[in-house]
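Just so it is clear, none of the values below were taken in a lab; they were calculated from the coordinates. Note that this is a predicted model, so its numbers are computed, not measured. No Cβ is skipped: glycine too gets one built from the backbone with ideal geometry, and neighbour counts run over all protein chains shown.
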Amino acid sequence: MAPTSSENAPDTVLVVDFGAQYAQLIARRVREARVYSEIVPSTMPASEMLAKNPKAIILSGGPSSVYAEDAPSLDREIFEAGVPVLGICYGFQLMAQALGGTVDNTGSREYGRTGLTVSKPASTLFEGTPVEQQVWMSHGDACSEAPAGFTVTASTDEVPVAAFENDERKLYGIQHHPEVMHTTFGQQELEHFLYRGAGLTPSWTTESIVDEQVEAIRAQVGSRRAICALSGGVDSAVAAALVQKAIGTQLTCVYVDHGLMRKGETEQVEKDFVAATGVQLKVVDASERFLGALAGVSDPEQKRKIIGREFIRVFEQAQAEIVAEAPSDEPVAFLVQGTLYPDVVESGGGTGTANIKSHHNVGGLPEDLEFELVEPLRKLFKDEVRMVGQELGLPAEIVQRQPFPGPGLGIRIIGEVTRERLDLLREADAIAREELTAAGLDGDIWQCPVVLLADVRSVGVQGDARTYGHPVVLRPVSSEDAMTADWSRLPYDVLGRISTRITNEVSEINRVTLDVTSKPPGTIEWE
Ligand code: XMP
C-alpha cells in the first residue's frame with residue numbers, strides 16, 4: 001500500500017476525468033504551474049472527492065454531449081462546497097447546466113483553432129491576455145446563457161458564452177481547452193485560476209517532492225529492509241535513489257546483467273550510479289545463463305518469457321544471498337518499484353496496491369512475491385521523474401536515458417540472439433545514439449530503437465569486395481506516452497551520418513534502413 005499522506009503532503013488540485021484524453025494533459029499543466037494535481041474518475045462520489053481536501057477542482061473535457069442519455073454527470077455538491085472549480089469544455093457545459101444556465105444542443109460543431117474575443121479583460125482568468133486570442137475548441141453543444149450570478153467573460157463567432165466566472169463563489173468556466181498548445185494563453189489562464197482564483201502558490205517543486213517522499217518512505221519502511229531491481233532505466237534508478245536517500249543501508253539494489261544491455265549501460269549503473277548515490281549494489285553477471293536459455297529461440301514472445309523467467313530466478317537467488325550475507329533481525333520486507341503515475345491512472349487506481357502491467361514490469365517480476373511495494377514515483381509523470389533524478393544528483397546519462405525495454409536488445413534482434421549478434425547491435429546502437437545526441441535531437445525523439453535483421457542478408461560492395469551482410473533498421477519515434485507514436489522526421493544529414501558510420505565501423509552490417517511507420521499500425525519495437 002503506497003503511503004498517501006504525510007505532514008509534507010502538498011496542496012492538491014483534483015482533475016475530474018470525463019473520459020477524454022485531456023485529463024492527463026491538464027494534470028501535467030497544473031504541475032507545470034508548480035501545483036500538485038491528481039486525476040480522479042468522474043464516477044467518484046462527490047463526498048469522496050471532497051474528503052481528499054482539494055484546494056481546487058478542475059473538470060476536464062469529455063467526448064459526450066450533456067444531453068446524451070449516458071452522459072457522465074457530477075454531484076452539485078461540488079459547486080456548493082466552497083472549493084474553487086474550473087470547468088473546461090464538457091466540464092464547462094456541465095457547470096452551466098447544473099447551475100441554471102442554458103446549454104443548447106446546437107448540432108453544429110466548433111473544432112480546432114478558433115478566435116476568442118475576451119469581453120472582460122480584467123476578469124480573473126483573462127487578465128493580462130489580449131482581447132483577441134487563439135484558442136483550441138472541440139465541442140458540439142454550446143452555452144447560450146450563463147447561470148445567474150455569473151459574468152460572461154468571452155465569446156466566439158459561434159458561441160455567445162465561451163467563458164464565464166463568478167468570483168465570489170470561485171467558480172470559473174471556459175469552453176476552450178487551455179491545456180493544449182494551440183491555445184496561446186492557455187497556461188496563463190490555468191495559472192490565473194490556480195493563483196488568483198484558488199489562491200494557491202507555486203510551491204510544488206522537485207525539492208518538495210523529494211522531502212515528501214523521503215518522509216513517506218521512512219514512515220512506510222521503518223527499520224525493516226528493502227530490495228530494488230535496477231534495470232539501468234530512469235524509473236528504477238530514480239526510485240532507488242529516493243529510497244536510498246530515505247533509508248540508506250536498509251536498501252540493497254540488485255542489478256542483473258543479462259548481457260542484453262546497450263553499450264556502456266552496465267558500467268554506468270555499476271560505477272556512476274553507485275558513485276552518485278552511495279547505494280549498496282549487488283551485481284549479478286548472468287549473461288551466460290541468459291544466452292544459454294535463449295539459444296535457438298527466435299520467437300519474440302518466447303524470448304520475453306525466457307528472459308522474464310531467468311530474471312526471476314536470478315533475482316530470487318540474489319535476494320537469498322543478500323539475506324544470508326548480512327543476517328539481521330530485520331526482514332527484507334519491501335520491494336522498490338518505479339511505477340509511474342500514468343500506469344496508476346490507466347490501471348484505474350488512485351491509491352492502493354498497484355496493478356502493474358507485466359509490460360512495464362522490469363524484466364517481469366512475479367506477481368506473487370511476498371513483498372510490500374514501495375513505489376515513490378506513483379504520483380509522478382516521466383518528465384517529473386527526470387527532474388527528481390536531477391535533483392538527487394544522478395548522472396545525466398541515466399536521467400536523460402530513453403525508455404529501453406526490460407528484455408533489452410534481446411527483442412531488437414530479429415532471429416536468434418547470440419553474443420556475436422549482440423555485439424554488432426550494441427555497436428550500431430551506440431553510433432546511432434551518439435549521433436542523435438551530437439545533433440541535439442535527444443529531446444525531440446521519444447526513443448530510437450536500432451533493430452538488427454539477423455536472419456536477413458543482402459549484397460553490398462565495400463572497397464573492391466562484395467559483401468553479404470545484415471541490415472539494421474533505425475526506428476526513431478516521437479511520442480507522449482508510447483501508446484501512440486509517429487516516426488520522427490530526422491534531418492537527412494543526421495540519418496546520412498548514422499548510416500555512413502554504422503556501415504563503415506560495424507563489420508557485417510552493410511545496409512541501414514529507416515522505419516517510417518506510425519503506431520498504430522506498427523508498434524515501436526519490432527518484436
Ligand atoms: P511497443 O513496441 O509496444 O512499445 O510499441 C511501447 C513501449 O514499451 C517498450 N517495450 C517494453 N518494455 N518490456 C518492457 O519493459 C517489454 O517487453 C517491452 N516491449 C516494448 C518499448 O521500448 C516502448 O517504449
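In the range 206-399, one over the average inverse separation of all distinct C-alpha pairs is 17.1 Å, which is the Kirkwood hydrodynamic radius.
Dividing the radius of gyration of the alpha carbons in the range 90-185 by their Kirkwood radius gives 0.93 for Rg/Rh.
When the convex hull of its Cα atoms is viewed from all sides, the chain shows a mean projected area of 26.8 nm². If the chain linking Glu158 and Asp104 were pulled fully straight, counting 0.36 nm for each residue of separation and taking away their Cα-Cα distance, it would gain 18.3 nm. Adding -39500 (n - 2.57) for every DSSP H run of four residues or longer, then dividing by how many residues the chain holds, sets the calculated 222 nm ellipticity at -9000 deg cm²/dmol. Descending by average beta-carbon neighbour count within 10 Å, the peptides 82-93, 122-133, 207-218, 54-65 line up as 82-93, 54-65, 207-218, 122-133, the highest first. Protection proxy ranking of 257-265, 234-242, 417-425, by the mean of other Cβ atoms within 10 Å over each peptide's residues and highest first, is 234-242, 257-265, 417-425. Projected onto their three principal axes, the Cα atoms of the range 412-514 cover extents of 43, 30, 19 Å, largest first. Dividing the C-alpha radius of gyration of the range 12-197 by 2.2 N^0.38 Å, with N its residue count, gives 0.91.
Taking each of Lys170/Lys382; Lys52/Lys120; Lys263/Lys305; Lys55/Lys245; Lys245/Lys382; Lys120/Lys170 in turn, the alpha-carbon distance tops 27 angstrom for Lys170/Lys382; Lys52/Lys120; Lys55/Lys245.
Placing pseudo-labels 7 Å out from each Cα toward the beta carbon at Tyr67 and Val283 gives an inter-label distance of 6.7 nm. Label separation (Thr117 vs Ala219): 5.3 nm, computed from points 7 Å beyond Cα along the C-beta direction.
Between helix 419-438 and the chain there is an angle of about 40 degrees, using the helix long axis and the longest principal axis of the Cα atoms. Against the main long axis of the alpha-carbon atoms of the chain, helix 492-505 sits at an angle near 20°. Computed from the Cβ-Cβ distance with R0 of 25 Å, the FRET efficiency linking Ile312 to Thr418 stands at 0.60. Relative contact order for the range 412-514: 30 percent, from Cα pairs under 8 Å spaced at least 6 residues apart, divided by residue count.
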